[in-house]
Amino acid sequence: MVDPYEKIPEKSDPFWFEDVSLPRFESLEENIKSDVVVVGGGITGIASAYLLSQQNMNVALLESSRLLNGATGHTTAKVTAQHSLIYDELLNNFGYNVARMYYEANTDALHLVEKIITDEKIDCDFEKQDAFLYSTSGDYKVKLENEYKAYDRLNIKGQLTSKIPFDLSIENALMMENQAQFHPLKYLSKLVDILKERGVKIYEDTTAINVETDDSTKTQTVITRNDKRIQCNHVLICSHFPFYEGRGLYFSRLYAERSYAMALETKMAYPGGMYLSVDQPTRSIRSAKLNNKEVTIIGGEEHKTGQGGDMIEHYRALKRFSDSLYGEKSYTILNRWSTQDLVTLDKIPYIGPITKGQPNVLVATGYRKWGMTNSHVAAQIMVDNILGNINHAAEIFSPQRFQADPSLKKFFLENLDVAKHLIKGKIEPAHATIDELENDEGAIVKINGERKGAYRDEEGEVHIVDTTCTHAGCEVNWNSGERSWDCPCHGSRFSYTGDVLEGPAEKPLAKHDFSSFDVFDDEKTGY
Ligand code: FES
């Protein structure tokens, strides 16, 4: 049998990066002052800085690596209030007001994106599209019918149908009309240009590690890894996983999920619309333009970080889905990429003051992969908070909200899952010996009787790291798709040399010099 992976290209950047060039910015090398410090150079940070600078506020924007290199640059960029199955659940758990407010806030966010694009004349392939959820099984057919009833109660324009314009065997589909899609990097790179023109101070390769609050002067100080300090009145934490948690214990209230995407050049013209299956595993379909050429983006295969098994299997599954959609010989895969997003206990993002005791330190996280609108919900709520404007959606997104059910139940389930992985990882046998590792292969091995992570790179050099996550001690797993060590507990990720790729971990995995080992255990078991 032909291995379908042979036709999948090497790991690559999302194609959004191909027709956009982003400016570079120096790192922060001095102590400065600002009205607001925005930490995180993704869509939330940039949109917030844009709205703040519009009010003539003095803003500094810090990014730990490069702007837009995180989840924003890896999105499928649907700008919609149709966030998979959500409204029936919100209605049942929290009632009409919360469900309706969630819809209104995300619809307002879509309109805000559209207004910014119009006002600033941004050429970013923005186009209105109807969004569809579809089911392929009886169980999910019923869920979709219930979602439609929720639309009806919430006065959301929707339509239940039995057909979508793809040759897929579906049970039913639910349309939300007049949603949108765009090229996120074209949009955001223009906003970055505007920030520069407005004098926003932007720093890349600048990692914020702490916030100190002076209660007497009501000022905040953001401290960077190289001990530079920025004094300000407000801090916006838009760093995906909050780099600073205060006493908010966010790591116990968020979990990380990975998902996968591929861009296809197809022989068939795209029929229009944006699609998402509600059955598991999920499948997402939309069109986009690359150098004015139409392409299809296929996505899905989400799983909790560090718990996805062989990552290449996820791309193979998307390839099989693409075969069923277009026919095996009727398309070419241009790029493949994966991304990670955070999910809150009740599926509503945490946006607002990080704790009651630090009202001027605001956080935005937990978008559940719906970051194109939720980012603008967050930007608007945080900017209104700073300006003292009333924002009716603020309460439902507040990180301080407490819903006994289902959040409490989910809290125990999630933390039980963490505890399970904490123990399981310690007793799990090694997966390979050093000798068995091919070039470009990584695995848990046993050296001098101790569990280690080993990766043999394409030149044959072996990189050894400690596999105990520096956040809270769970055991990381090898991610063959991204060549990273991923933690199954709270989603931290590390490069094969141990450097932190994604938090909450702040410290790298301990590295070991391969040549310093003299005893290599050739048994895989023994733990
Ligand atoms: Fe929390 Fe690894 S991310 S233990």
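The values are calculated or read from the model by the stated rules, or taken from the named source; none is laboratory data. As the structure is a computational prediction, the values presented were derived from the model and not from experiment. Using ideal geometry, Cβ is built from the backbone for each residue, glycine included, and neighbour counts are taken over all protein chains shown.
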Looking only at the stretch 305-325, and only at residues there that are in contact with an Asp or Glu (Cβ under 6 Å, 6 or more places away or on another chain) and of a type outside the set (A, V, I, L, M), the one that is modelled with the highest pLDDT: HIS314
Boolean, LEU85 is crowded, with 24+ Cβ neighbours inside 10 Å, touching a residue at least 24 places away in the same chain (Cβ under 8 Å) and assigned to a loop (DSSP other than H, G, I, E, B): no
Considering residues of the stretch 177-206 that are touching a strand residue (DSSP E or B) at 6+ places or on another chain (Cβ under 6 Å) and hydroxyl-bearing (Ser, Thr, Tyr) only, the residue nearest to ASN226 (Cα to Cα): THR206
Test: ILE444 is part of a strand (DSSP E or B) and modelled with pLDDT under 90: yes
Of residues in the stretch 215-262 being of a type in the set (Ser, Thr, Tyr), in contact with a helix residue (DSSP H, G or I) (Cβ under 7 Å, 6 or more places away or on another chain) and at pLDDT 85 or above, the one surrounded by the fewest Cβ atoms within 10 Å (Cβ to Cβ): TYR255
Residue that is farthest from the chain's Cα centre (by Cα) [pool: residues in the stretch 164-188 that are among the small types (Gly, Ala, Ser) and crowded, with 21+ Cβ neighbours inside 10 Å]: ALA173
Residues of the stretch 496-512 classified as surrounded by fewer than 21 Cβ atoms within 10 Å (Cβ to Cβ) and more than 15 Å from the ligand (Cβ to nearest atom), total: 3
Scope the stretch 121-147; condition in contact with an Asp or Glu (Cβ under 9 Å, 6 or more places away or on another chain) and part of a loop (DSSP other than H, G, I, E, B); matching residues: PHE126, THR136, SER137
In the stretch 95-120, the residues that are assigned to a helix (DSSP H, G or I) and either at pLDDT below 95 or among the charged types (D, E, K, R) (or both): ARG100, GLU104, ASP108, GLU114, LYS115, ASP119
Residues (more than 23 Å from the chain's Cα centre (by Cα) and closer than 30 Å to PRO14 by Cα) located in the stretch 77-102: none
Scope the stretch 452-492; condition among the aliphatic types (A, V, I, L, M), closer than 14 Å to ALA510 by Cα and more than 9 Å from the ligand (Cβ to nearest atom); matching residues: ALA454, ILE464, VAL465
Odd one out for SER515 among (1) more than 16 Å from the ligand (Cβ to nearest atom); (2) outside any loop (DSSP other than H, G, I, E, B); (3) modelled with pLDDT of 90 or more: (3)
